[in-house]
Amino acid sequence: MSQTPYKPNSHGRLALKLGAVALGAFGFGFALVPLYDVMCAVTGFGNKANLTRAAKIAEHPDDSRTVTVEFLGDLPTVGSWEFRPAVRSIQVHPGRLYEAKFVARNLTGRDTYGQAVPDVAPSKAASFFHKTECFCFTPQHFASGEERAMPVRFIVDPALPRYMDHITLAYTFYDTQAPAAQR
Amino acid sequence: MANSGHAAHEGHDDHHGAPKSFWQRWVVTTNHKDIGTLYLIFAGVMFFVGGLMALVIRAELFQPGLQFVDPMFFNSMTTMHALAMIFGAVMPAWVGLANWMIPLQVGAPDMALPRMNNFSFWIMPFAFTLLLSTLFTGSGAPAGGWTLYPPLSLQGGDSFPMAIFAIHMMGASSIMGAINVIVTIMNMRAPGMTLLRMPLFCWTWLITAYLLILVMPVLAGAVTMLLTDHFFGTSFFSAAGGGDPVMYQHIFWFFGHPEVYILILPAFGVVSEIIPAFSRKPLFGYESMVYASASIGFLSFIVWAHHMFTVGMPLAGQLFFMLTTMLIAVPTGVKVFNWSATMWKGSLSFEPPMLFAVAFLFLFTIGGFSGLMLSIVPADFQYQDSYFVVAHFHYVLVPGAIFAIMAGIYYWLPKWSGHMYNMSLAKWHFWLSTIFVNVLFFPQHFLGLAGMPRRIPDYSVQFADWNMVSSIGAFGFGLSQLLMPYLVWQCVRGGAAAKAKAWEGARGLEWEVPSPAPYHTWETAPDEATIIHASPTGH
Ligand code: HEM
Ligand SMILES: [Cu+2]
């Protein structure tokens, strides 16, 4: 009574194919990482490259407009650092170069490096906010207990859409030598 | 084998029974029925473990203020409750039902890859032992939410890598289970069992299995990246090293949204079999059900970012994800329509499986409606991370997926055990569950709309009343569930003998074998006349 219309050999083959699909899907999960950056590059959204690269200095002042630039300093964890903007906000004219300072103090009790990661809000404004010089471009060395003010120079593009009159520049200041778990 | 049509009447399948030793029967078994039973028992245990955690949550939320547990443990409870219910209860219950029913329904003697079947089951108890043991580590169980968003999830201490390995194991188990289902359905159907003669449970499971092999590996990838970020200094998601935590959310939800359909598609299948059986009419729109399930499966891949509207996204992205999400309501609506049309002018009777199926129809639809509200971007800005979301997904998951599992168990239990069960006790179980599930979850809509955030152990006093109602519902619901294992136990022990076709209106090859289903079935494939006779469309 063991008539079987099935071909057991073909089970293995199909199972292997499906296993390969699963493996491909695993790879696809990782491929989403570069794809995500491509998406950001294509749509210009987030504009990570623009945020962390120096722009050319080209002043074309438009003194008829005033834009408020607000500064925020964030820390991923409390306790081991102090980090804040020297002033909370300034009024700027598009097309002129300005400088702002952020103050950090190392309370970790050891020599270490800090890295600031910038963010501009609203995100539409990001591509109109040019930093010509920034402490966020490189990791910053801090001796134990050292406190220092660090500069950022920027120009707001005169092409900034008219309806935008507030821009927020926020930095999160990470200790690059802290273990990942504490970042 | 011209005479093999009605195995039910000949019983020749029973020529060798189950092995006698416990080890042979329950540990190294490759029999699809035994493995199905093991999966169902495991799911039941995890349902009560997860339920206990839910009761800790609801006890703490009974009143404002902190009464019973500290906030960290509370967060562990919400995290572990979700992981236990999703990966430990609902998914294994579906795999268990698939194991039991798919070979019976397609006329196959077993699953295609029986040894892998055994392996994929036995991974699960180990995975969950590992996951649950995090409760006893110094750092406590994971407390960053079941979504494991970094950087919070990276701060979980010892429990973090343990939870990730547990997820890897569950993932491997579900992928193997899914491969088994696909190979069984593609290769093992009895001659004459064309795809469009299959019961809908097989169809929806086939689609679910494809979703599983496409997205479980993506989850595995996402948590692997968390692991390397934590231990090997990569920065996939760490802003300090140029990564982006938001990217984790994209990858997670690329898995997460199809996952919610993995939980619900088999439910659509079960309900599509029970409603016709107790309406004594063929399913209305069989083919449209198949196409609707397939389009839901496809659409589920392109809506993930509706979980992240408030994270920030270009307008075009918000519109895209809003509209595709709303689009899912169309095939879902087709299904609800077809179920209603099947009942229309049918000669209805309300045995326990039907009661659960009808409750599913109404209450799942409520969850679909709140889902539609959440898909509206400007509205979601208000609802995100509030109790409204909690109400939404519990409506689709509890009176949705879990009611359908219970409906399936009440439907097929006579086939498994050979006995009818205590109908009035089952009806008690139904009514208590249905009343309390609404007392439990309906007020959460109000709480969410009034602004109560999710995942908090304490809340402002204006939310007190509805939280108390919800907690009462929770204890009522939880206690009512104790009836079910008792009832199943009773039914396995004895009771009125079940006919081969336990329900007069039922269709499907499983009703063509005796009850209880012999240890080996369809060793000789059913003939085409039997298949056509049993097919959902009758041709
Ligand atoms: C018409 C169908 C549905 C629509 C339009 C829909 C829409 C949504 C939306 C927009 C959210 C995100 C809410 C937020 O976080 O702000 C959400 C969350 C959720 N949905 Fe649905 N949904 C639908 C069906 C389902 C089904 C069938 C399930 C599962 C069986 C489900 C399970 C969930 C879960 C678990 C979450 C929350 C995940 C979390 O944040 O932990 N949904 N749904
Ligand atoms: Cu979703």
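The values are calculated or read from the model by the stated rules, or taken from the named source; none is laboratory data. Fair warning: this is a prediction, and the values are worked out from it, not measured in the lab. Counting neighbours? That spans all protein chains shown, and the Cβs are built from the backbone with ideal geometry, glycine included.
Is it the case that some residue within region B:314-330 is in contact with a helix residue (DSSP H, G or I) (Cβ under 6 Å, 6 or more places away or on another chain) and more than 13 Å from ligand 1 (Cβ to nearest atom)?
Looking through region B:314-330, at least one residue is in contact with a helix residue (DSSP H, G or I) (Cβ under 6 Å, 6 or more places away or on another chain) and more than 13 Å from ligand 1 (Cβ to nearest atom).
Condition check ((1) free of Cβ contacts under 8 Å to residues at least 60 places away in the same chain; (2) farther than 30 Å from B:MET452 by Cβ) across all residues:
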residue	(1), (2)
B:ILE275	no, yes
B:SER288	yes, yes
B:PHE337	yes, yes
B:LEU374	no, no
B:PHE381	no, no
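So that you can scan it fast, the table gives a plain yes or no per residue for (1) in contact with a Pro (Cβ under 7 Å, 6 or more places away or on another chain); (2) more than 8 Å from chain B (Cβ to nearest Cβ); (3) modelled with pLDDT under 90; (4) assigned to a helix (DSSP H, G or I):
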residue	(1), (2), (3), (4)
A:ASN9	no, yes, yes, yes
A:LEU16	no, yes, no, yes
A:VAL21	no, no, no, yes
A:LEU35	no, yes, yes, yes
A:VAL42	no, yes, yes, yes
A:PHE45	yes, no, yes, no
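Residues A:ALA116, A:ALA100: which one is assigned to a strand (DSSP E or B), more than 30 Å from B:GLY156 (Cα to Cα) and of a type in the set (A, V, I, L, M, F, W, C)?
Within the list A:ALA116, A:ALA100, the selection yields A:ALA100.
Looking at B:ASP229 and the list (1) crowded, with 24+ Cβ neighbours inside 10 Å; (2) within 16 Å of ligand 1 (Cβ to nearest atom), which single condition is not satisfied?
Among (1) crowded, with 24+ Cβ neighbours inside 10 Å; (2) within 16 Å of ligand 1 (Cβ to nearest atom), B:ASP229 violates only (2).
Go through (1) more than 7 Å from chain A (Cβ to nearest Cβ); (2) part of a helix (DSSP H, G or I) for B:ILE175 and report which single condition fails.
Among (1) more than 7 Å from chain A (Cβ to nearest Cβ); (2) part of a helix (DSSP H, G or I), B:ILE175 violates only (1).
Only one of these is of a type outside the set (Ser, Thr, Tyr), part of a helix (DSSP H, G or I), within 12 Å of ligand 1 (Cβ to nearest atom) and crowded, with 24+ Cβ neighbours inside 10 Å: B:PHE356, B:PHE388, B:PHE381, B:PHE369. Name it.
Unique residue meeting the criteria: B:PHE388.
Kindly provide the set of residues from region B:261-308 that are in a helix (DSSP H, G or I) and aromatic (Phe, Trp, Tyr), ordered by number.
The answer is B:TYR261, B:PHE268, B:PHE278, B:TYR286, B:TYR291, B:PHE298, B:PHE301, B:TRP304.
Quick one: how many residues across region B:261-298 are more than 18 Å from B:LEU97 (Cβ to Cβ) and near ligand 1 (Cβ under 10 Å from one of its atoms)?
Summing the residues that are more than 18 Å from B:LEU97 (Cβ to Cβ) and near ligand 1 (Cβ under 10 Å from one of its atoms) in region B:261-298 gives 1.
May I ask you to list the residues in region B:457-502 that are outside any helix (DSSP H, G or I), surrounded by fewer than 16 Cβ atoms within 10 Å (Cβ to Cβ) and without any contact (Cβ under 8 Å) to a residue 12 or more places away in the chain?
Passing the criteria: only B:LEU482.
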